[in-house]
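See structure below.
The values are calculated or read from the model by the stated rules, or taken from the named source; none is laboratory data. Since the model is a prediction, treat every value here as computed from it, not as a measurement. In this analysis, Cβ positions are derived from the backbone assuming ideal geometry, glycine residues included, and neighbour counts consider all displayed protein chains.
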């Protein structure tokens, strides 16, 4: 029962977020476009796919699927997007329609919008759902920037609409800034976006802290945080750490750590949602994804000379317990860590490293700073003075691709 309820919540529950995305941002108007009662050119399926939104092939009505196969669906027409929304076929997005069934009146989002993708079985961006896989194509910032009314963000962050657009449009595909609403820091000191990559939501059973940085809490904490403060659903959320006006000026001013909506559509859903997420397994590498003989040698290196297993403890591939480290320990800058409650980075659980087409598209580490596994290995070889040979690095990478 929990599994089914959790899957339903993960895939389809908006938590009442339509009152924000539609009610405040008026995003549905940008989706529909002027010809269909909205504003602007509208969001065609072609444009939606370009922005990284995905389509669940199993939800496409039979007649629409047949028309698609015959090339009779105009993918450049926003009206076709509304057909997909009516069928609940756009992964992570729910459309709300007037009684006539034609006029789009609002849109809400679900967990799946960021933490699911599709297998592209029908066409790029159209296929069967892959729950827990991060959507590294999704350009959340560009979608937000389409909204006709950004007042909710200008008032929260106390910046202009142009500054809001500059901040969110800098995120790029696969990234989101989950602390912007707390500290207002849109950019790093070096001028790059402060956003981080969407993390996988699979392989989390047995893992303590969730997300890239330290001591926010477990998966269940993050579900409550995101459901309330990022998706802008209706619920209750408590975290007095967000009252720190020096560290989290935006959150302290807007009392985000003390959210008490009259209607709570989130809290009751958290247990089953947590259960479902913890049931999502790490995808296994397909045949031919790595060299078995080299991986065997790499495993020995992983657990000995390369020192990887010291922190990435098999089979969790993170530490059992308090899996957090300072920036100095891992040899990188502390910008993102300093935005977290205890100012540390989490030991990321090494999962499905063989897949750089979807799961790890955009690079490794919280911000994708390392483009390849070779870059990661070279970093630690230098930082920890491991003195690995080129062959040892190669063997180690083959093992990493096997786990």
Checking the structure you have, find out if any residue of region 307-318 is assigned by TED's automatic domain parsing to the domain that holds residue 384, out of contact with any helix residue (DSSP H, G or I) (no Cβ under 6 Å at 6 or more places or on another chain) and part of a helix (DSSP H, G or I).
yes
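Would a scan of region 266-283 turn up a residue that is part of a loop (DSSP other than H, G, I, E, B), at negative phi and more than 21 Å from the chain's Cα centre (by Cα)? Even if it seems obvious, please write down each step before you answer.
So in region 266-283, the residues part of a loop (DSSP other than H, G, I, E, B) come out as 266, 280-283.
Of the ones still in play, those that are also at negative phi are 266, 280-283.
Next, from what is left, pick out any that are more than 21 Å from the chain's Cα centre (by Cα): none.
Checking region 266-283: not a single residue is part of a loop (DSSP other than H, G, I, E, B), at negative phi and more than 21 Å from the chain's Cα centre (by Cα).
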Residues of region 102-112 classified as crowded, with 16+ Cβ neighbours inside 10 Å and farther than 17 Å from residue 265 by Cβ, total:
2
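Is it true that residue 75 is in a loop (DSSP other than H, G, I, E, B) and assigned by TED's automatic domain parsing to the domain that holds residue 29? Working first, answer last.
Numbers: in a loop (DSSP other than H, G, I, E, B): yes; assigned by TED's automatic domain parsing to the domain that holds residue 29: yes.
Here the answer is yes, as residue 75 does meet what is asked.
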Spot the failing condition for residue 303; the list is (1) buried (at least 17 other Cβ atoms within 10 Å of the Cβ); (2) out of contact with any strand residue (DSSP E or B) (no Cβ under 7 Å at 6 or more places or on another chain), and only one is missed.
(1)
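The rows are residues; the columns are (1) exposed (fewer than 15 other Cβ atoms within 10 Å of the Cβ); (2) in contact with a strand residue (DSSP E or B) (Cβ under 9 Å, 6 or more places away or on another chain); (3) closer than 23 Å to residue 358 by Cα.
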{"position": "53", "(1), (2), (3)": "no, yes, yes"}
{"position": "56", "(1), (2), (3)": "no, yes, yes"}
{"position": "72", "(1), (2), (3)": "yes, no, no"}
{"position": "95", "(1), (2), (3)": "no, yes, no"}
{"position": "100", "(1), (2), (3)": "yes, no, no"}
{"position": "116", "(1), (2), (3)": "no, yes, yes"}
